[in-house]
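The values are calculated or read from the model by the stated rules, or taken from the named source; none is laboratory data. As the structure is a computational prediction, the values presented were derived from the model and not from experiment. Cβ coordinates were reconstructed from backbone atoms using ideal geometry, including for glycine residues, and neighbour counts include every protein chain displayed. Surface accessibility is based on the protein's heavy atoms, side chains included, excluding ligands, DNA and RNA. Shrake-Rupley method; radii C 1.70, N 1.55, O 1.52, S 1.80 Å.
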Amino acid sequence: MGKHFEEEELWYLLYSLCSSARDFSRIDSKIGDVRPYNIFINEEGQIKIANLHSWPYERTNFDKTAFEKQLTYLSPEEMRLISKGNHDNTTNKVTSESFSIGLTLLQSGLLFNAKELYSVEHYTIDL
């Protein structure tokens, strides 16, 4: 914990996340809940991402925040829907997932806690 990634490791992580997101977008879906907590890297550097098809009863980040009040990496558009009481995610899945991927890479590269950007109680993003 606290060890910085090498640049090529971050590029590989980005490639893996984008490739997985592309596969899910082909079936009009999201990976689910993209954030460092749900990404696993083994000693050989293989990356596994917890997703809607790999974990029983796994939900998307939108559903976890809207229905379970969990802190996840939601895009500003998704947070806006939830703040208005709309629990039907009508945002663009590709751009919303891209936001989660970007925030995950930012957290991985800078080793900061991206949760600090969110205020769950009020469903706002402090940017």
Positions within segment 42-66 being crowded, with 16+ Cβ neighbours inside 10 Å and either free of Cβ contacts under 8 Å to residues at least 12 places away in the same chain or in a helix (DSSP H, G or I) (or both), in sequence order: Asn61, Phe62, Asp63, Lys64, Thr65, Ala66
Assuming Leu71 fulfils every condition listed in (1) exposed (fewer than 13 other Cβ atoms within 10 Å of the Cβ); (2) in contact with a strand residue (DSSP E or B) (Cβ under 9 Å, 6 or more places away or on another chain); (3) closer than 24 Å to Glu116 by Cβ; (4) at pLDDT below 90 apart from one, which condition is it? (1)
Can you pull out every residue in segment 79-91 that is within 23 Å of Arg26 (Cα to Cα) and loosely packed, with under 12 Cβ neighbours inside 10 Å? Asp88, Thr90
Looking only at segment 37-71, which residues are closer than 24 Å to Tyr15 by Cβ and hydrophobic (A, V, I, L, M, F, W, C)? Ile39, Phe40, Ile41, Ile47, Ile49, Ala50, Leu52, Trp55
Which count do you get for residues in segment 1-32 that are open to solvent by less than 60 Å² (accessible area, probe 1.4 Å) and in contact with a strand residue (DSSP E or B) (Cβ under 8 Å, 6 or more places away or on another chain)? 7
Would you mind stating whether Ser16 is more than 23 Å from Leu117 (Cα to Cα), assigned to a loop (DSSP other than H, G, I, E, B) and in contact (Cβ under 8 Å) with a residue 24 or more places away in the chain? no
From the list Lys3, Lys30, exactly one residue is part of a loop (DSSP other than H, G, I, E, B), in contact (Cβ under 8 Å) with a residue 40 or more places away in the chain and not polar (S, T, N, Q). Which is it? Lys30
Selection count, segment 81-92, where residues are part of a helix (DSSP H, G or I) and either among the β-branched types (Val, Ile, Thr) or modelled with pLDDT under 90 (or both): 2
Hits in segment 98-118 (condition: in contact with a Lys or Arg (Cβ under 9 Å, 6 or more places away or on another chain), open to solvent by less than 40 Å² (accessible area, probe 1.4 Å) and either farther than 22 Å from Arg22 by Cβ or not hydrophobic (A, V, I, L, M, F, W, C) (or both)): Ser100, Thr104, Gln107, Ala114
